[in-house]
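The values are calculated or read from the model by the stated rules, or taken from the named source; none is laboratory data. The model shown is predicted, which means the values in this text are computed figures rather than measured ones. Virtual Cβ from ideal backbone geometry, glycine too; neighbours counted across all protein chains shown.
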Amino acid sequence: MARSKLTDRFIASRKNAPEGKRDDYQDAIVPGLALRVTDRGHKSFVLVARYPSNPKNPTRRMLGTVYVPAKSDRVPAKDNVPIAEGEITGGALTLAEARAKARRWLDLLSRGIDPAQQERQQKIAAKKRITFDELRDASSTIIKAKQSSPPRRASSTEISRRGTAGSLPISTVKMSTSRSGSSSIAARNTKPSTRSATSARCTVGRKGNRG
C-alpha cells in the first residue's frame, strides 16, 4: 500500500469508499498510522501494528475518529510536538494528535505493553483520584447548604431549662446526663434537709445538758 503524507486538506477531500468496502491511506510520517474511510463516509485514524494479544499478525486498532478543523482554522500539522501521557485517550483527534498518539502506542508496544489496557487503567485511576479542588468544592457546597438552612428551634423543655438556670449562680447549677445521652440542667440543693437540721439541734441540746 502506497504511503502519502497526510494533511487536513487530503483527509477532507477523501470520498466514501465503495459499497461494502473500506479505504485505508497510510501516513508517510508515522509507521503504521493510517486514515480509514468507510462506504458511509466515516473517517477514523487507525494504527496497524503487532499487539500483545496477537503478536504474530499485524492488526488494526482505531485511535479515534477524525476531527478536521474548518478551513479558516487549519494550520499545518506540527510533528514531534510533546503531548503529556494520558492526555489523549479517545474521541475525535486532529492529525497532529493522531500522530502523537500513534507514536505513544508504538513506544508502549516496543516495551511489551498493550496500549488499550493501559488506557483502561488510566481511566479507572482518574475516576478514583480526588483532586484538592474537588474536595474544596464539596466542602464549600456543604457549608453553603448549612448556612442556607433555617436554624433549629429550641423545644419548650429546653427554653424552660434555660429560663430556670439563667438566673442562678454558676456554683448552684449542675449538669446531668441521662442514659440516652441527653443533658439536663438542675439547680443544686443549697438548703440543708430537714433531717440534717433536726440532727444538728439534737446534738446542740445534748451538749447543753451535759454542761
Take residues that are without any contact (Cβ under 8 Å) to a residue 12 or more places away in the chain and either β-branched (V, I, T) or touching a strand residue (DSSP E or B) at 6+ places or on another chain (Cβ under 8 Å) (or both) and tell me which of the strands (runs of 3 or more DSSP E) falling wholly in the range 1-65 contain 2 or more.
54-65
If we keep only residues of the range 18-47 that are aliphatic (A, V, I, L, M) and surrounded by fewer than 18 Cβ atoms within 10 Å (Cβ to Cβ), then the residue farthest from the chain's Cα centre (by Cα) is A28
Could you grab me the full set of residues in the range 113-142 that are in contact with a strand residue (DSSP E or B) (Cβ under 9 Å, 6 or more places away or on another chain) and among the small types (G, A, S)?
A116
Is it the case that some residue within the range 37-57 is modelled with pLDDT under 90 and of a type in the set (G, A, S)?
yes
